[in-house]
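The values are calculated or read from the model by the stated rules, or taken from the named source; none is laboratory data. It should be emphasised that the depicted structure is a prediction, and the values quoted were computed from it without experimental measurement. With ideal geometry, Cβ positions are generated from the backbone for all residues, glycine too; neighbour counts draw on all protein chains shown.
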Amino acid sequence: MDNYRLRNAILNATSKNAALVIKNANIVNVFTGTIEHGDVAVRDGIILGIGDYAGREEIDAHGAFLCPGLIDGHVHIESSMAHPSRFAECVLKQGTTTVIADPHEIANACGTDGIQYMLDQTEWLPLSVFFMIPSCVPCTSFETSGAKLVASDMEPFLSQKRVIGLGEVMDYVAVVTGDGEMLDKLKLFERRPIDGHAPLLFGDELNAYCIAGPKTDHECSEYGEFLEKLRRGMRLHLRLGSACRGVEEIMRHIAEDKLPTRRMLFCTDDKHLGDIEREGHINYILRRAVANGIHPIEAVQMATINAAETYGLQRYGAIAPGYRADMVLFDNLKDFNVQMVFSNGIRFEHHPDTLLKRDPRIYNSVHLAPRKPGCLDLPVKGEMPVINLTPGELLTNLSFETVPEKDGKFAPTPELLKAAVFERHMSSGRVGVGILKGMRLENGAIASTVGHDSHNLIVVGDNDEDMLAAVDALEACSGGFVVVSQGKILSQLPLPIAGLMSDLPLSKIIERQEELLAAFRTIGEYADGDPFVTLSFIALPVIPHVRITDMGVFNVSKMEFIQ
């Protein structure tokens, strides 16, 4: 806050000169863990005080619960598949007024141009967007990304006011082995927040990881892991996105063991617009936390002040004098149904669509080589490695199985699918081919250029013809999602912004997402969430236990290729 605004806030507070007063509210105090009844006065986007006020505009809360605006502690806006302005409209309606964004999706596709694009496109939004600079582009050396970022590439972003720290450090192997390039990045951000990403890391390796600098983690899949990381001083995100649902078990243990929650916060990480519209955003995690036994006010703290303190956001995360007037009015502290949202003291009702300028560096990112005959062939040699999907989780398991074959090559079935990753940044022609179990497809294929984190083109199907038709379709529209059956496109969502995001209006994106799911259901079955979200993570070689990249099937536990 500059001196002019600070002086005005001081003078207006003492004179009770409020522009907006929210009257008769039950105000959640995140400092004392109590509820106060009273009025909240606001002027110039700043909270002047709590008490008995009159203002030029008055809104009667009628005893509803006024909470600080919700904060998503770790999100990839690109994973919503929408331009940031569309994403902002969607989450603001759910009470989220601030997000900590990690643009590593677009950075893997477009490098520093992608990061600057996200900064530029979020500058004037009613949603507060702070950025963590991606630490792992690419996330490992076991796949091909569209760029490589080293510490010198990141340094110019430190002067930008909304850049607050270093994004999730996924290459934990590089960290615990003291890799020089990784240590340079950690050193550059040593006085700022550093996000972690350390699934199933325990013991001495976890100790080494903490020493290196990461202070948060959002990848806990079991309570024992969560507890050990909490004991080692980490701040932990409870994540509920479109694919990750296992955290509810951890929530129940937190409540049963009465763990202190002030070092816990909420995040969505990756959540599609349709799921946000249907379920909610951070307010959905609030709802699930309370349903699993966490005290409502503690849950509100986790959704607000805990996140603000974790990331050093001064004057965010509370309803108190001098704080930014980001607030949300809920009907109750169980269902967290949103009645009103205020961002910077302005009631949010609708964010009008803006005219989006097409940046050729961002809009032309799919560069595939011509497909060679037999590029999807997978020779069978004894028992073959199979990627097994885990219900409700991003984790996969590895098995070796006798698989059907024809002429010495793997012959997919509806239950035992072929998966392939096409390198799409450098036109190298490289294709990794493997076997996937846990999703059913018959006479068809699904494909996407959203393939965390390097975002090559990933396709899954039960026949090569439909798989190649899906690849052709995505090349023609500069990336996106597609469902193909018997050579015909059943549904398609073009994502021309880096092959990751759509520039369509919010309603159109959600409509297309629903059409994709409906088309999938005509040829496939997947009981455990959104099949397209699951598809997008099959190529991420930093989440145990087995993945597939453009270089082949990869054993994450051993950090080596299987074939």
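Would you confirm whether or not segment 327-341 contains a residue that is of a type in the set (S, T, N, Q), surrounded by fewer than 21 Cβ atoms within 10 Å (Cβ to Cβ) and over 24 Å from residue 297 (Cβ atoms)?
From segment 327-341, those of a type in the set (S, T, N, Q) are 332, 337, 339; that's our starting set.
Then drop every residue that is not surrounded by fewer than 21 Cβ atoms within 10 Å (Cβ to Cβ), which leaves 332, 337, 339.
Still in the running and over 24 Å from residue 297 (Cβ atoms): none.
Looking for residues that are of a type in the set (S, T, N, Q), surrounded by fewer than 21 Cβ atoms within 10 Å (Cβ to Cβ) and over 24 Å from residue 297 (Cβ atoms), one finds none in segment 327-341, hence no.
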Given (1) among the hydrophobic types (A, V, I, L, M, F, W, C); (2) part of a strand (DSSP E or B); (3) within 22 Å of the chain's Cα centre (by Cα), number of the condition residue 460 does not satisfy: (3)
Meets criteria (outside any helix (DSSP H, G or I), surrounded by 23 or more Cβ atoms within 10 Å (Cβ to Cβ) and outside the structural domain of residue 105 (by TED's automatic domain parsing)) for residue 471: no
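Each row is one residue, and each column tells you yes or no for (1) farther than 26 Å from residue 124 by Cβ; (2) within 22 Å of the chain's Cα centre (by Cα); (3) modelled with pLDDT of 95 or more.
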| residue | (1), (2), (3) |
| --- | --- |
| 151 | yes, no, yes |
| 157 | no, yes, yes |
| 164 | no, yes, yes |
| 168 | yes, yes, yes |
| 178 | yes, no, no |
| 187 | yes, no, yes |
| 192 | no, yes, yes |
Tally, over segment 91-107, of residues that are closer than 16 Å to residue 500 by Cβ and either in contact with a helix residue (DSSP H, G or I) (Cβ under 7 Å, 6 or more places away or on another chain) or modelled with pLDDT under 95 (or both): 6
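Would you be able to say whether some residue in segment 236-243 is within 23 Å of residue 27 (Cα to Cα) and in contact with a helix residue (DSSP H, G or I) (Cβ under 6 Å, 6 or more places away or on another chain)? Break it down stepwise before answering.
Initially, segment 236-243 is screened for residues within 23 Å of residue 27 (Cα to Cα), giving none.
The answer is no, given that none of the residues of segment 236-243 is within 23 Å of residue 27 (Cα to Cα) and in contact with a helix residue (DSSP H, G or I) (Cβ under 6 Å, 6 or more places away or on another chain).
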Total residues in segment 180-234, condition farther than 22 Å from residue 75 by Cα and touching a Cys at 6+ places or on another chain (Cβ under 6 Å): 1
Filter pass, residue 397 being touching a residue at least 24 places away in the same chain (Cβ under 8 Å), in contact with a His (Cβ under 6 Å, 6 or more places away or on another chain) and under 30 Å from residue 247 (Cα atoms): yes
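Here is a check on your reading of the model: is residue 535 of a type in the set (A, V, I, L, M, F, W, C), within 18 Å of residue 389 (Cα to Cα) and modelled with pLDDT under 95? Reasoning before the result, please.
On the way: of a type in the set (A, V, I, L, M, F, W, C): yes; within 18 Å of residue 389 (Cα to Cα): yes; modelled with pLDDT under 95: yes.
Yes, satisfied.
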Residue in segment 33-47 that is surrounded by fewer than 19 Cβ atoms within 10 Å (Cβ to Cβ), touching a residue at least 60 places away in the same chain (Cβ under 8 Å), within 34 Å of the chain's Cα centre (by Cα) and in a strand (DSSP E or B) present: yes
Residues located in segment 51-75, provided they are of a type outside the set (Ser, Thr, Tyr), at pLDDT below 95 and in a loop (DSSP other than H, G, I, E, B): 52, 54
Given (1) buried (at least 22 other Cβ atoms within 10 Å of the Cβ); (2) in contact with a Leu (Cβ under 6 Å, 6 or more places away or on another chain); (3) more than 23 Å from residue 168 (Cβ to Cβ), index of the condition residue 306 fails: (3)
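Here is a yes/no grid of residues against (1) assigned to a loop (DSSP other than H, G, I, E, B); (2) free of Cβ contacts under 8 Å to residues at least 24 places away in the same chain; (3) not charged (D, E, K, R):
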| position | (1), (2), (3) |
| --- | --- |
| 135 | yes, no, yes |
| 141 | yes, yes, yes |
| 161 | yes, yes, no |
| 200 | yes, no, yes |
